[in-house]
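All of the numbers you see were taken from the coordinates with simple rules; none came from a lab. Remember, predicted model here, so these are calculated numbers, not experimental data. Ideal geometry is used to build each Cβ from the backbone, glycine not excepted, and the neighbour counts take in all protein chains shown.
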Amino acid sequence: MGAFNRRNKRASNGNVTHLRPFRHNQRRGNEADGFDDEAAADDHDIEYVRPRRRGIYLLPNAFTTAALFAGFFAIVQAMNMRFDSAAIAIFAAMVLDGMDGRVARITNTQSAFGEQYDSLSDMTSFGVAPALVMYEWILHDLGKWGWIAAFVYCTCAALRLARFNANIGVVDKRFFQGLPSPAAAALVAGFVWLAIDNKLPVKELWMPWAAFGITLYAGLSMVTNAPFYSGKALDVRYRVPFGMMVLVLVLFVVVSTDPPVALFGLFVVYAISGYVLWGWRALHGEPAGARKVRDGGNDRS
């Protein structure tokens, strides 16, 4: 009895939340009632434990946070009229966003939390930031047409990210369904960086309308069904031909000679490639989109 009273005292002090009942007392009560069920007695022997705290993976989410910071920094720089720094920050966010997914796959640290956090970061860095940078730089000269173009881009980025999350497992991993939001942001930011670095005549009449067209093209391309190569088939953990290293070296040399021109040119080619592939497939009677098509048990795009 002394031990039992001490146990009740610890429970009243809050140190023990659940008491494990005595099995022989439970059995004795059942026998007195004329009911002896072993399973019913065993149900009272369950010990209650506190649920284990759920954590998050630090490494991939740290890259996602860095990408989010770069997007926010781009917005702040645009508010301070430093548009070249804002464009560079968007490109930095694009690099960091590509690294977090690669790191998560290599280290096997994928999680549902990371996927949702990455989508919210992408909406800020590649949806809101490019639209605001382009509007503050030149689109405001067009009045209502300027903010309409910026809003269309921002809305299409949100729709594109929502569709991407909904279609995971439905779309062929080799291709994106529509222009990916980082590439669309690079197209918009690349034009801003190109114009400022090369001192293009921003005050000319055609410049605001050129920015208007690029913004709409990048935004609407995100919600099309055109297939854009994703690059996920490339796995950095495995060996590649020697020529691939030569190609990477040439790419570094081309970009380092004139980064604004080279990067904008590369993303213009990429932004057109999806429509070229779309048209080529349509002419040859193949499935035009990026969705998987089942044919005899095999999946193909």
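Counting lysine pairs in segment 60-300 that sit 8 or more residues apart in sequence, or on different chains, and whose Cα atoms lie under 19 Å apart gives 4. Under a 5 Å amide H cut-off, with hydrogens placed 1.01 Å from N, residue 175 pairs with 230 among residues at least 5 apart or on other chains. Restricting the calculation to Cα atoms, segment 60-300 yields a radius of gyration followed by a Dmax of 18.2, 59 Å. In terms of packing, defined here as the mean over residues of other Cβ atoms within 10 angstrom, the peptides 76-89, 172-185 line up highest first as 172-185, 76-89. The C-alpha radius of gyration of segment 152-225, expressed as a fraction of 2.2 N^0.38 Å, stands at 1.30.
Centre-to-centre, using Cα atoms only, segment 239-286 and segment 206-231 are separated by 17 Å. Count the net charge of all other residues whose Cβ sits under 15 Å from the Cβ of residue 137, scoring Lys and Arg as +1 and Asp and Glu as -1. That works out to -2.
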